[in-house]
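These notes concern the structure reproduced below.
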Amino acid sequence: MANCAIVGINWGDEGKGRMVDLLTEDYDVAVRFQGGGNAGHTVINEKGKFALHLLPSGIFRNGVVNILGNGVALDPENLWAEMQDVMDKGVVLTPENLKISDRASLLLPWHRDLDELEEQRLADKKYGSTKQGIAPFYSDKYQKKTILAGELFYPEELKAHLADLMEWKNLTLTKVYGAEPYTTEMLEEWLATYCEKIKPFICDTGAFLKEAQASGKNILFEAQLGSLRDLDYGIYPYTTSSNTTAAYAPIGSGLPSAKITNVVGVVKAYSTCVGEGPFVCEMFGEEAEELRKAGSEYGAKTGRPRRVGPIDIVATRYGVEVQAATAIALTKLDVLSYMDKIPVCTHYVLNGKQTDRFPFPSALKNAKPVIEYFDGWNCDISGARTWEELPAKAQEYVAFIEKQIGCPIKYVSVGPERDSIVIR
Ligand code: GDP
């Protein structure tokens, strides 16, 4: 079987974790290739309910090797907390089923502080960061001012490297933000408390992946967030600080020679968005509250209420294009069952003209949604397991979206559980 990437088409939170959990059945290796602990995948299976932030969602399958690639923001503190959480619930983690790239850069303790300090400085102009240090981390990675996980195996060099970085970073902390400086003791404690715990899992994952590929193993690449949050193709600056697109998977995973033939784009049956920035199809008031409640749309990491709206065909079509998706998983269709009329944003109006093209970020704030209404199906569809078991109105809704976005909808998810799925 060919390699596959599972990616978000919209703003994230589309249900990628749920799809990875389902599809890893057919894969030997699952790799996270970008992002950090700033968003969460919720997975519900026979082992319980889990909020994963950094761990690949293949972690629940026996025999699947899970990899954190060089492209992730490796936060030892968050990762260790997450590892403990899943181990407490009976999931076994060993260096055999969890491997961390020695080339992943470490999110250092001050990255979280800097995220918080900058959002405070921005006040009402803030980006809506989850304050997990992701933007400061990636900035420093590209400035070559952080350390690689593999450096933990070279303690003498590491000590000197960290001291240099601390000296540099304390200038920003104290002189720009008036914050307290870091000390050597603080870093030593961080190394002992968190880095030492994850160290046994760090190895040359690039070599492992190369061998896995050569021996014909099936590899699944797992992304965080979605197309509209991609650093290069998303709604800049309301993006994340890494590439959420399938095209980045070979680089961020540690297997630059990977050919990804299947790209499963995950689309939610309606829209949600966490944080600031233009969200053209946003609903407000009671209508929004009802949808938010029906879909339990509260952030997995922060508990923040998500902004909600109807499915946005313009943004979704763009997202499909950016991901070069070969198949779509449409999730949370069951959430719309309460609606008599289902709104769909089919076009935008920009400068008085109707358009179906996703505009340049600066133009988005002036775009207005064109909404069409579809008849609802008004019945519980969570028990459907085949296309024929879906009511005709639900089939029409799915077929309309498929036609509009120009990509086959292969999976329709009707519940959070692993088997609540219709495969076409
Ligand atoms: P991810 O980051 O893309 O994995 O998405 P999240 O985990 O943040 O959000 C998806 C949420 O929806 C999780 O709580 C899932 O358990 C839940 N979910 C996924 N698919 C479905 C579905 O088809 N129906 C319902 N009702 N919930 C779903």
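Things worth noting here:
- Largest-first ordering by accessible area, 1.4 Å probe, given options 190, 168: 168, 190
- Space enclosed by the convex hull of the alpha-carbon atoms of region 22-154, per residue, Å³: 120 Å³
- Cα convex hull, region 267-423: 120 Å³ per residue, rounded to a whole number.
- For region 102-208, the dipole from Cβ point charges (+1 on Lys and Arg, -1 on Asp and Glu) about the Cα centre works out to 420 debye, to the nearest 20.
- Signed unit charges on C-beta, dipole axis of the chain, positive-most listed residue 79, 342, 37: 342
- Our Cα-only numbers for the chain put the radius of gyration and Dmax at 21.6, 67 Å.
- FRET efficiency for residue 261 and residue 180, using Cβ-Cβ distance with R0 set to 60 Å, rounded to 0.05: 0.75
- The amide H of residue 202, built 1.01 Å from its N in the peptide plane, has 100 as neighbours under 5 Å, considering only residues 5 or more places off or on other chains.
- When the chain is treated as a GNM with alpha-carbon contacts under 10 Å, the residue of 156, 321, 389 showing the greatest mean-square fluctuation is 156.
- Near residue 375, the amide H atoms lying under 5 Å from its own belong to 342; only residues 5 or more places off or on other chains count, and H is placed 1.01 Å from N.
- Computed [θ] at 222 nm, helices only, for the chain once each DSSP H run of length n ≥ 4 contributes -39500 (n - 2.57): -8500 deg cm²/dmol
- Listed residues 383, 71, 303, most fluctuating in the chain (Gaussian network, C-alpha, under 10 Å): 303
- Under 5 Å, built H, 5+ apart or other chain: amide partners of residue 221: 4, 5, 6, 31
- A Gaussian network model of the chain, with springs between Cα atoms under 10 Å, assigns the largest mean-square fluctuation among 253, 296, 227 to 296.
- Of all DSSP beta bridges in region 212-361, antiparallel share, percent nearest 5: 55 percent
- Anisotropy class of region 142-257 from Cα gyration tensor, a/c 1.5 cut: oblate
- Figure note: 284, 201, 137 ranked by solvent-accessible area, largest first, 1.4 Å probe, ligands and nucleic acids not counted: 284, 201, 137.
- For region 105-198, the spread of Cα positions along the three principal axes, ordered from largest to smallest, is 43, 24, 24 Å.
- Isolated cysteines in the chain, defined as those with no second cysteine Cβ under 4.7 Å, comprise 4, 195, 203, 273, 379, 407.
- Listed values for region 54-65 are Karplus-derived 3J(HN,Hα) couplings in whole Hz (6.51 cos²θ - 1.76 cosθ + 1.60, θ = phi - 60°), namely 10, 5, x, 6, x, 5, 8, 9, 5, x, 8, 8, and x replaces Gly and Pro.
- Ranking by accessible area, most exposed first, for 304, 424 with a 1.4 Å probe: 424, 304
- Annotation: lysines with alpha-carbon distance below 28 angstrom to residue 49 (same-chain offsets under eight excluded): 16, 89, 99, 131, 197, 199, 268, 293, 301, 332, 410.
The values are calculated or read from the model by the stated rules, or taken from the named source; none is laboratory data. Here the structure is a predicted model, which means the values were calculated and not measured. Methodologically, a virtual Cβ is constructed for each residue, glycine included, from the backbone with ideal geometry; neighbour enumeration extends over all protein chains shown. Note: accessible area is taken over every heavy atom of the protein model, side chains too, but ligands, DNA and RNA are not part of it. Shrake-Rupley method; radii C 1.70, N 1.55, O 1.52, S 1.80 Å.
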